[in-house]
Amino acid sequence: KLQTLLDESNELAQIGSFEIDVINNKVYWSPITKKIREVPPDYEPDLQTGISYFNGEKNQSVIAQRVYNCIQKGTPWDEELEIITHKGNPKWVRTIGRGEFENGKCIRVFGSFQDIDARKRTELELLKLYEERNTILESIGDGFFAVNTKWEVTYWNRMAEQLLQVKKENIIGKNLWTVFKNYQHSDSWKYYHQAMAEKVSFHFKDFYHELQKWFDISVYPTPIGLSVYFRNITQEKIAEQAI
């Protein structure tokens, strides 16, 4: 009954197993592993062919090195790599392996083989969107930064570095009001806190006395904090005052 439950849970999670008999140079794939690799149920695998199913030289090199290190040094592995199935379909898998030793010599390598294709492709798509967003935020002419609900800075673009004269590495992860402690009685402090508390947007102008600059600022609440866009309007203000 326990074996049946285990088989059913492995089937649901798409987790197969494998074993490499190092002494006799034999390889075993469980039925689920064969299903993931899209080979016939009676398929007889071997180590070299198994490695060749990994997509491209980089993936093949990684898994071959992991198997070698496991046999020679007993180093376990846990890798997410792409394979090409027997039917020619690309698929992301998670492979975990460890060795069994007798008298200091590896006699077998065994582990699990899981289909993570759906999750990995979603992850890669999100990463692509994240990189595209970063490209946009780094290319705009406005300064931009984001904070979480603890006022920790989570994003600080290139223009924010230039306009506020604070390097990204000196503010990411830090409290905004620790870095800008001299502005805790400014309009920015007031509107930022109101936006955070009431979940409303604000558009205003503020003068940063230490920088001797005027900024046009837009602040927007987000589910995880605030997003702030700003631009230098000092010359506009000087012209306005002159008129």
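The values are calculated or read from the model by the stated rules, or taken from the named source; none is laboratory data. Bear in mind that the values here come from a model prediction, so they are computed numbers and not experimental data. Neighbour counts run over all protein chains shown; Cβ positions are idealised from the backbone, glycine included. In case anyone asks, the SASA skips ligands and DNA or RNA and just uses the protein heavy atoms, side chains included. Shrake-Rupley method; radii C 1.70, N 1.55, O 1.52, S 1.80 Å.
Assorted remarks:
- Compared with the direct C-alpha span, the chain from Glu125 to Lys87 gains 11.3 nm at full extension, assuming 0.36 nm per residue.
- Based on C-alpha pairs under 8 angstrom that are at least 6 apart in sequence, the chain has a relative contact order of 12 percent.
- Computed about the Cα centre, the dipole magnitude for the chain is approximately 400 debye when only Lys and Arg (+1) and Asp and Glu (-1) carry charge, each at its Cβ.
- From phi via Karplus (6.51, -1.76, 1.60), per-residue ³J(HN,Hα) for the stretch 88-98 in Hz, x at Gly/Pro: x, 9, x, 7, 8, 9, 10, 10, 10, x, 8
- Correct choice for volume of the Cα convex hull per residue in Å³ that was computed from the model, options [x] 143; [y] 206; [z] 187: [y]
- C-alpha center-to-center spacing [the stretch 185-212, the stretch 66-100] in angstrom: 52
- Per-residue ³J(HN,Hα) for the stretch 47-53, Karplus 6.51 cos²θ - 1.76 cosθ + 1.60, θ = phi - 60°, Hz, x for Gly and Pro: 4, 5, 5, x, 5, 5, 6
- Estimated dipole of the stretch 60-128 in Debye, rounded to 20 [Cβ of Lys and Arg +1, of Asp and Glu -1, Cα centre]: 100
- Whole-number percent relative contact order across the stretch 158-243, with pairs defined as alpha carbons under 8 Å at least 6 apart: 19
- Rounded percent of accessible protein surface that carbon and sulfur make up, the stretch 64-192, 1.4 Å probe: 50
- For the chain, the solvent-accessible area works out to 61 Å² per residue, with a probe of 1.4 Å and every protein chain left in place.
- For Lys87, the lysines whose Cα falls under 27 Å of its own Cα, not counting residues fewer than eight places away in the same chain, are Lys26, Lys34, Lys35, Lys58, Lys120.
- With the helix formula -39500 (n - 2.57) applied to DSSP H stretches of n ≥ 4, the chain reaches a computed 222 nm mean residue ellipticity of -12000 deg cm²/dmol.
- Accessible area of Ile23 in the full protein assembly, 1.4 Å probe (Å², nearest 10): 100
- Selected from Gln162, Ser201, Ile243, residue furthest toward positive end of dipole (the chain; charges at beta carbon): Ile243
- Around the amide H of Phe54, modelled in the peptide plane, lie the amide H atoms of Ile84, all under 5 Å away and 5 or more residues distant in sequence or on another chain.
- For the chain, the residue among Ile116, Pro41, Ile84 whose Cα projects farthest onto the positive side of the dipole built from Cβ charges is Ile116.
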